Amino acid sequence: MKSFFKKLFSQLSGPELNFDEIEELLIGSDFGISAAAYVVERLREDRSLKNSAQVVFAAKKIILELIKYRTPDLTPDPNGPRVILLVGVNGTGKTTTVAKIAAMLTAERRKVLLAAGDTFRAAAVEQLCVWGERLNVPVHFGQPNADPASVCYEAMRKAIQQKVDFLICDTAGRLHTRDNLMQQLGKVCRAISKINAAAPHEKWLVVDATTGTNAIIQAREFHAAVTLTGVIMTKLDGSGRGGALVGISRETSLPTLFIGRGEAAADLQPFDPQQFVDHIL
């Protein structure tokens with residue numbers, strides 16, 4: 001993303017503004033075709049733009065308008081545990097993100113229970129249990145290959161019995177193109193809602209910054225399957241450009257909640273759109 005605006009400055013150094021090349025640069029920075037076309041169309045309509053500095057300033061303003069965000073609701077529910085369900089494809093960092101959210105909540109003296117809903121990958125349960133020991137947070141898990149819906153249902157019962165403030169449910173990574181696995185997420189949600197009709201209160205998609213515009217497709221498909229409430233982008237400390245967040249906002253209107261910049265528990269940060277765009281520029 002950083003290189004995009006450097007390229008933009010050099011590209012606009014001539015006497016004429018080449019908006020087609022600006023659009024190519026936006027697409028190459030993972031904005032997605034829809035978001036890139038929208039930004040460029042807005043720039044074309046602005047007859048006051050005369051030089052690269054003005055274009056960059058205008059682009060920044062348009063991007064800020066596009067990005068949806070909200071402060072996550074991390075207050076306990078008076079009617080029982082507040083349930084957060086994390087979903088996403090394989091390798092996005094869901095399990096680590098579950099632990100990071102737990103660390104954030106326990107720092108605020110909230111009582112947390114983790115549910116190891118990724119029952120198909122033994123290492124996922126072990127990984128979550130290691131995090132649980134490190135954070136002094138209990139983890140509910142079932143037998144290997146157990147039904148994820150059953151594991152989350154039992155975790156919900158335990159959370160109520162133990163008067164937990166937050167239940168955070170991990171789930172198995174799944175390709176958004178596998179209908180049967182996407183339907184399984186719906187089953188998990190229905191199982192939890194049998195105990196509390198309002199739960200899961202939050203359904204957050206974890207996307208990997210390094211996957212580029214594929215993150216936009218993932219957001220679209222997971223949102224269609226379980227009606228998401230927000231997005232978390234991980235691995236922004238690496239080669240990921242992050243522009244897909246703009247495309248996700250444009251196509252789904254889902255807010256970005258957090259961004260991950262490392263493996264440590266403290267590396268999950270609330271999303272700040274102004275800071276995000278300033279970082280891009």
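Listed here are the residues, each with its yes/no results for (1) under 22 Å from T256 (Cβ atoms); (2) open to solvent by 10 Å² or more (accessible area, probe 1.4 Å); (3) of a type in the set (D, E).
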site: R70; (1), (2), (3): yes, yes, no
site: N79; (1), (2), (3): no, yes, no
site: L86; (1), (2), (3): yes, no, no
site: G93; (1), (2), (3): yes, yes, no
site: M104; (1), (2), (3): yes, yes, no
site: A122; (1), (2), (3): no, yes, no
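Looking across segment 29-84, the residues that are touching a Gly at 6+ places or on another chain (Cβ under 8 Å) and under 30 Å from L167 (Cβ atoms) come down to R70, P72. Can you tell me which residue is modelled with the lowest pLDDT among those in segment 213-236 that are within 21 Å of D267 (Cα to Cα) and either of a type in the set (S, T, Y) or out of contact with any Leu (no Cβ under 7 Å at 6 or more places or on another chain) (or both)? Checking each candidate, the answer is L236. Scanning segment 238-260 for residues that are surrounded by fewer than 18 Cβ atoms within 10 Å (Cβ to Cβ) and modelled with pLDDT under 90 returns G238, S239. Residues of segment 188-213 that are loosely packed, with under 15 Cβ neighbours inside 10 Å and touching a residue at least 24 places away in the same chain (Cβ under 8 Å): R190, K194, A198.
Only one entry in V188, V231, V207 is among the aliphatic types (A, V, I, L, M) and not in a strand (DSSP E or B), namely V188. Where residues in segment 137-167 are in a loop (DSSP other than H, G, I, E, B) and closer than 23 Å to D73 by Cα, which of them is most open to solvent (accessible area, probe 1.4 Å)? It comes out as K163.
Residues in segment 25-56 that are closer than 14 Å to E251 by Cβ and crowded, with 22+ Cβ neighbours inside 10 Å: 6 in all. Within segment 72-88, the set of residues being touching a Leu at 6+ places or on another chain (Cβ under 6 Å) and more than 16 Å from T229 (Cα to Cα) comprises just one member, P81.
Scanning segment 214-233 for residues that are open to solvent by 10 Å² or more (accessible area, probe 1.4 Å) and touching an Asp or Glu at 6+ places or on another chain (Cβ under 8 Å) yields R220, T229.
Taking the conditions (1) aliphatic (A, V, I, L, M); (2) under 18 Å from G88 (Cα atoms); (3) within 21 Å of the chain's Cα centre (by Cα) in turn, A122 satisfies each one other than (3). Cβ-Cβ contacts under 9 Å between residues 6 or more apart (or on different chains), taken from a first residue in segment 214-232 that is closer than 11 Å to T252 by Cβ and in contact (Cβ under 8 Å) with a residue 60 or more places away in the chain to a second residue that is assigned to a helix (DSSP H, G or I) and open to solvent by 10 Å² or more (accessible area, probe 1.4 Å), are listed as I216/S34; I216/R250; I216/E251; I216/T252; Q218/T211; F222/M182; L228/T252. If you go through segment 136-148 and keep only what is at pLDDT below 95 and out of contact with any strand residue (DSSP E or B) (no Cβ under 8 Å at 6 or more places or on another chain), you end up with Q143, P144, N145, A146, D147. The number of residues in segment 41-96 being hydroxyl-bearing (S, T, Y) and touching a strand residue (DSSP E or B) at 6+ places or on another chain (Cβ under 6 Å) comes to 3. Kindly check whether there is at least one residue in segment 189-198 that is within 17 Å of I232 (Cβ to Cβ) and within 19 Å of the chain's Cα centre (by Cα). Looking through segment 189-198, none of the residues is within 17 Å of I232 (Cβ to Cβ) and within 19 Å of the chain's Cα centre (by Cα).
The values are calculated or read from the model by the stated rules, or taken from the named source; none is laboratory data. Remember, predicted model here, so these are calculated numbers, not experimental data. Cβ sites come from the backbone with ideal geometry, for glycine too, and all protein chains shown count toward neighbours. Remember, those area values only see protein heavy atoms, side chains included, never the ligands or the DNA or RNA. Shrake-Rupley method; radii C 1.70, N 1.55, O 1.52, S 1.80 Å.
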